[in-house]
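Heads up, the thing below is written out as C-alpha cells.
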Amino acid sequence: MTAAIPFDDVGRERGAPPLVLLHGFPHDRTLWSAVVPALGRATRVIAPDLRGLGHAPVEGPYSMDRYADDVISILDARKVERAVIGGLSMGGYVAFALWRRHPGRVAGLVLADTRAGADAGAGRANRDRLVALARVKGTPVVAEAMLENMVGPSTRRERPAVVETMRAMMRRAPVEGVIGALEAMRDRPDSTATLATITVPTLVVCGEEDALTPPEQSRAMHEAIAGSRLALIPRAGHVPCVERPEEFAAAVTGFLETL
Ligand code: MLT
C-alpha cells in the first residue's frame with residue numbers, strides 16, 4: 001500500500017466549500033506559506049504535496065490524472081464533498097484533469113499562472129533534456145535551470161530573499177518526483193477544449209511579469225471560460241503567491257466572496 005499524501009488543513013469552513021491549493025513544479029506545499037494565513041482567515045484551506053514532491057510518496061506512475069485522483073483521496077478522507085480547486089502552473093494542469101474526471105467534486109477553480117495547451121515539439125524535447133539532466137546530475141541542476149524564469153524581474157531586483165526561498169524549495173525536490181513530473185507534463189493532454197466545458201465559477205490569476213506562462217495565455221483562458229474573472233498581479237512573475245502574497249490573497253479572497 002502506498003503511503004499517504006501529506007497535506008495542510010487550516011482555517012475553517014464558513015458556509016462555503018474549502019479551497020484546495022495545488023503547487024507547481026518543482027515546488028511543494030510551502031509554496032503557499034505566505035498566503036495561507038490570509039486565506040485561512042477567509043475559508044478552510046487544504047494544501048497537499050503532489051506525489052513525488054515535498055514529503056509525498058515517490059511511487060509512480062505519474063500523470064495529471066493520478067495527481068488529480070490523489071487529491072480526491074484526500075477529499076474523501078476528510079469527507080469533503082466539493083471544493084474550490086486552485087492550482088498554480090503544474091497545479092493548474094492537475095486542476096484541469098480533476099475537472100474532467102470529477103466535475104461533481106469541483107465547486108470552483110482558481111487557475112494561477114498556468115496554461116491550457118499541451119507541450120509541443122520543442123517543449124517536449126526540453127522535458128527530455130531536463131529528465132536526462134536530473135538522472136545524471138540530480139535535482140539541484142534542474143532547479144537552477146528553472147530558477148531564471150521562476151520569479152519576475154521586479155522581485156529579483158527588489159526582494160532577492162524570495163529568489164532564495166524558491167531556490168531552496170526547488171533544490172530539495174526528490175529526484176524521482178522531478179523526473180516523474182517532467183514526464184507527466186510532457187505527456188499531458190491538451191486542455192484547450194476543456195475550457196469551454198467549465199461551468200463552475202473560475203478565477204484566472206497571473207503575475208504580470210510571468211515569463212513561463214505569460215499573461216496573454218491567462219487572458220485567452222479567461223476569454224474561453226464563460227463568466228470567469230481575471231486578476232493580473234503587478235510586479236510579480238510565475239509565483240505571485242510568493243512574490244506578492246497580499247495581492248494574490250486579496251484576488252483569491254475577493255473571488256471566494258462571490259461564490
Ligand atoms: C510549474 O511551475 O509548474 C512549471 O513551470 C510548469 C511547466 O514547466 O510546464
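At 0.36 nm per residue, and after removing the present C-alpha to C-alpha distance, how many nm does the segment from Val136 to Ser33 gain when stretched out fully?
Contour length minus the Cα-Cα distance gives 33.9 nm.
Once the other residues with Cβ under 10 Å from the Cβ of Ala47 are scored (Lys, Arg +1; Asp, Glu -1), what is the net sum?
-3
Using the alpha carbon gyration tensor of the chain, what are the three equivalent-ellipsoid semi-axes (square root of 5 times each eigenvalue), largest first, in whole Å?
Over the Cα atoms of the chain, the ellipsoid semi-axes are 25, 21, 19 Å.
Most exposed first by the Cβ proxy, i.e. fewest other Cβ within 10 Å, how do Ser73, Ser154, Ser228, Ser191 rank? All intermediate terms of the calculation are to be shown ahead of the outcome.
Numbers: Ser73 13, Ser154 17, Ser228 20, Ser191 24.
Starting with the residue having the fewest Cβ neighbours, the order is Ser73, Ser154, Ser228, Ser191.
Kindly provide the helix-only [θ] at 222 nm of the chain, computed as the sum of -39,500 (n - 2.57) over DSSP H runs of four or more divided by all residues, to the nearest 500 deg cm²/dmol?
-13500 deg cm²/dmol
Let a ≥ b ≥ c be the square roots of the eigenvalues of the Cα gyration tensor of the range 133-259; is it rounded (a/c under 1.5), or, if not, prolate (a/b larger than b/c) or oblate?
oblate
In whole Hz, what ³J(HN,Hα) sequence does the range 6-18 give by Karplus (6.51, -1.76, 1.60; θ = phi - 60°), x for Gly and Pro?
x, 7, 9, 9, 10, x, 8, 5, 10, x, 10, x, x
Mind listing the long-range amide H neighbours of Val110? Cut-off is under 5 Å, sequence gap 5 or more, other chains count too, H placed in the peptide plane at 1.01 Å from N.
When sequence neighbours closer than 5 places are left aside, the close amide H contacts are Ile85, Gly86, Gly87, Leu203.
Express in nm, to one decimal, how much length is gained between Ala145 and Arg78 on full extension, taking 0.36 nm for each residue of separation and deducting their alpha carbon distance.
Contour length minus the Cα-Cα distance gives 20.4 nm.
Can you classify the range 1-116 as rounded, prolate or oblate using the Cα gyration tensor, where a ≥ b ≥ c are the square roots of its eigenvalues, rounded means a/c under 1.5, and otherwise it's prolate if a/b beats b/c and oblate if not?
Note, shape of the range 1-116 comes out rounded.
Could you list which residues have their amide H under 5 Å from that of Ala211, counting only those 5 or more apart in sequence or on another chain, with H placed in the peptide plane?
His238
Given 0.36 nm per residue, what is the gain on full extension from Thr253 to Arg157 after removing their alpha carbon distance, in nm?
31.8 nm
Tally the DSSP beta bridges in the range 1-143 and give the antiparallel ones as a percent, rounded to 5.
25
Throughout, read-outs are computed from the coordinates displayed, never taken from laboratory work. No experiment lies behind these values; they were computed from the predicted model shown. When we count neighbours, we look across all protein chains shown, and the Cβ atoms used for this are built from the backbone with ideal geometry, even at glycine.
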